[in-house]
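The values are calculated or read from the model by the stated rules, or taken from the named source; none is laboratory data. Only a predicted model underlies this, so the values are computations on that prediction, with no experimental measurement involved. Glycine gets a Cβ as well: all are built from the backbone with ideal geometry, and neighbour counts include every protein chain shown.
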Amino acid sequence: MYCMNCHGWVDDWGSHDCPSGYWVVTDKEMVGIATRLHNLGITPLSAVWTTTEIGVWDDYEYLLSVKIDIGRRISEAVLGELPSGWKYHWETVTPDKSELHMLAYTERWYNFGFKSVDRRIEELIKEFEEYLDTRDADAVKALLLLGAG
Ligand SMILES: [Zn+2]
């Protein structure tokens, strides 16, 4: 777990001083996205990426995904149109019919030898960080406060 309040990893839950509402389940590559969202007033619960090798050839065809659980439904007007490939997921598709509150990217990616799958994930993460950097924090927070969610 990473703490978006003091920008450190929560090693010992019992002795960490910041409220647990600031903790996010994430990996080091996703800290930038989690922190940016938090700074916009959209505090994520988890932010993770996965790559799954599919297909018959080794190291060729992958399913890539980046998933961010933001814990509540927000109006899509708050962040606006997401970058290409990114989607909001609010569906109630889980077995217990609980709601999803997710920003997610999925891509079927082919390794043509120009770059590794890890490099592709880094790229995706960087693109989303850059997108979040273009959002106006005050405007986003104002929209959230308006209860546009
Ligand atoms: Zn902390």
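Against the condition buried (at least 17 other Cβ atoms within 10 Å of the Cβ) and at pLDDT below 95, how does Ile68 come out, does it pass?
No.
Would you please list the contacts, defined by Cβ atoms under 6 Å and residues six or more apart or on different chains, that run from a residue in the range 13-27 that is under 16 Å from Ser46 (Cβ atoms) to a residue that is more than 11 Å from the ligand (Cβ to nearest atom) and in a loop (DSSP other than H, G, I, E, B)?
Note: pairs meeting the criteria are Val24/Pro44.
Could you list, in sequence order, the residues of the range 9-59 that are in a loop (DSSP other than H, G, I, E, B), modelled with pLDDT of 95 or more and under 19 Å from Leu124 (Cα atoms)?
Pro44
Name the residue that is surrounded by the most Cβ atoms within 10 Å (Cβ to Cβ), counting only residues in the range 3-39 that are within 10 Å of the ligand (Cβ to nearest atom), of a type outside the set (Asp, Glu) and over 27 Å from Pro83 (Cα atoms).
Checked the range 3-39; the qualifying residue surrounded by the most Cβ atoms within 10 Å (Cβ to Cβ) is His16.
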